[in-house]
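The values are calculated or read from the model by the stated rules, or taken from the named source; none is laboratory data. Predicted model, so just to flag it, every value in this text is computed and none were measured. Every residue, glycine as well, gets a Cβ built from its backbone with ideal geometry; the counts of neighbours run over all protein chains shown.
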Amino acid sequence: MTEVSAITTNIQRWQSAAALLAMVLTWQIAASIAADRLFPGPVQVVSVLLHEAVRGELLYHLGISLARVAASLGAAILIGAVLGYAAGRSRRADVWMRPWIVLLLNMPALITVILIYIWLGLADTALVLAVALNKIPNVVVTIREGAGRLDKDFAEMAELYRFGRAAMLRYVVLPQLAPFFLVSLRNGLALTWKIVLLAELLGRSNGVGFQLQVYFQNFDVTHILAYAISFGVVMLAIEYGLLVPLERHLLTWRR
Amino acid sequence: MATLMLRIRIEEKTFPGDDGQRRTIFCPLSLDIADGQVCVLTGPSGVGKSTLLSIVSGVDDEFSGSVSGRALPVGMLFQTPRLLPWLTALRNIELAVPGHAPDAARWLAAVGLKGHEQDYPQRLSGGMARRVALARALAVEPALLLLDEPFASLDQATAQAMRRLLQDSFAKRRPTTLLVTHDLASASSLGDRVIVLEGSPARIVRDVEISRRDEAGSARFRLGNSTQ
């Protein structure tokens, strides 16, 4: 990194921190003016958050929700990648899948969750399936785009040098699909956790979604915000602790 | 006399043209290349030399006709280097010779790129990338070697070094070789035979066998039988 770009990055970091601080201050001022238990300030919310974290309650429900997000997203990416690859490589497969994809892309998450709960019962399997079903079409569309753009020259070279299926997949196909997987993962994370919370609220007896429902019934805005913030922090941690390093690792060769 | 090995019989090869009509590249073209022969293909740009290499390599099978006697393994230097950009120069070669990592490093050094093992293709110049691709083609110890403009984008000294490397490789292993070049100096110094393609559809207009240099040091040329 050059000295100039290092300075620019440092300035950007400070600007982000200042923006965050300004947001928290605005919130605190607004809460002080409102002086209502339905609009708590950041200090109040963070103290509840810390209390819940120490008690273990928050971490338990957060852990359960994250496990559901991981299972749903993992299943959606795995199934969506296989279907998307097939659609991208075969015109016939694409034609067969297209109406299903369009239908599922436009199906409201709420309907899928309700129907799957009715058909399979209020269980974790049903939740994971319902959330995955909502995400699969997005993955299919993204991976189909990547699979359709695979470089024919590389495939010919690999065939000539007799790479074999495993090496072809690992060294030729997957690296070309890596940016598309990253897009699926990032967009998927944003979409999946929202639907997981909805599905928990509708039919599970634990997880962040369930807790939100309980606090909603009590009009306990402080707890609702504490859970919302904790989830947001976890998502930020996943973005900067997992996705950004993963992206950097996969795309090292571009630098 | 060398055994006849590679038999190329193309009845027709067409490409879709810009106007929607199909453009005929070969119609017909036949060529026999003896085992271990170094055959230089030359002719104007766009005549179909690279297409012929692709057909011979087996990566292009969209033509009517046949190629028989294709020996394995095949080493090929494509028109573009076709290095996987997410792998280092060394890994690009290693993948073509799995289980023979030291050979990969040795070939990279042989093309003058020692010290560039961990460089990604994007960091290499066009000429360096071509040399990595040449190292890959030679590393597989090919029985059939197909080279598309191996000296393009190389400075004079490097081109000369690569010519010597190829001469050495031809002398040691005698792969059947098809080499596309516009450089007639390379053609005469490397080839046992020079074939000139011309026209549309392309046909062989010259098929010249080159006798190796005699004791007096002068090259002798003999006009072979044109197969078209």
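Within segment B:102-152, the residues that satisfy the criterion of being over 13 Å from the mean Cα position of the chain (by Cα) and on the phi > 0 side of the Ramachandran plot are B:G112, B:G115, B:E141.
Picking from residues in segment B:86-107 that are within 11 Å of chain A (Cβ to nearest Cβ) and outside any helix (DSSP H, G or I), the one that is nearest to A:L160 (Cα to Cα) is B:A96.
Per this entry, A:I33 is not counted among residues that are touching a residue at least 60 places away in the same chain (Cβ under 8 Å) and either part of a helix (DSSP H, G or I) or more than 26 Å from A:L191 (Cα to Cα) (or both). Candidates are the residues of segment B:33-85 that are within 13 Å of another protein chain (Cβ to nearest Cβ), part of a helix (DSSP H, G or I) and among the aliphatic types (A, V, I, L, M); the one that is nearest to the chain's Cα centre (by Cα) is B:L53. Within segment B:97-109, residues that are surrounded by fewer than 14 Cβ atoms within 10 Å (Cβ to Cβ) have Cβ atoms under 6 Å from residues that are of a type in the set (D, E) in these pairs: B:A101/B:E94, counting only partners at least 6 apart in sequence or on another chain.
The set of residues in segment B:167-201 that are touching a Cys at 6+ places or on another chain (Cβ under 9 Å) and more than 19 Å from B:A139 (Cβ to Cβ) comprises B:G191, B:D192, B:R193, B:V194, B:I195, B:P201.
Applying the condition of being in a helix (DSSP H, G or I) and of a type in the set (S, T, Y) to segment B:157-177 and asking which residue is nearest to B:R136 (Cα to Cα) yields B:S169. Where helices (runs of 4 or more DSSP H) sit wholly within segment A:147-245, those with at least 3 residues that are buried (at least 17 other Cβ atoms within 10 Å of the Cβ) and within 14 Å of another protein chain (Cβ to nearest Cβ) occupy A:152-160, A:174-203.
Condition check for A:I111 on (1) at pLDDT 95 or above; (2) part of a loop (DSSP other than H, G, I, E, B); (3) out of contact with any helix residue (DSSP H, G or I) (no Cβ under 9 Å at 6 or more places or on another chain): one failure, at (2). Is one or more of the residues making up segment A:64-79 modelled with pLDDT of 95 or more and not in a helix (DSSP H, G or I)? Within segment A:64-79, not a single residue is modelled with pLDDT of 95 or more and not in a helix (DSSP H, G or I). The residues on offer are A:F210, A:F180, A:F231, and the sole one that is in contact with a Gly (Cβ under 6 Å, 6 or more places away or on another chain) and in contact (Cβ under 8 Å) with a residue 24 or more places away in the chain is A:F180.
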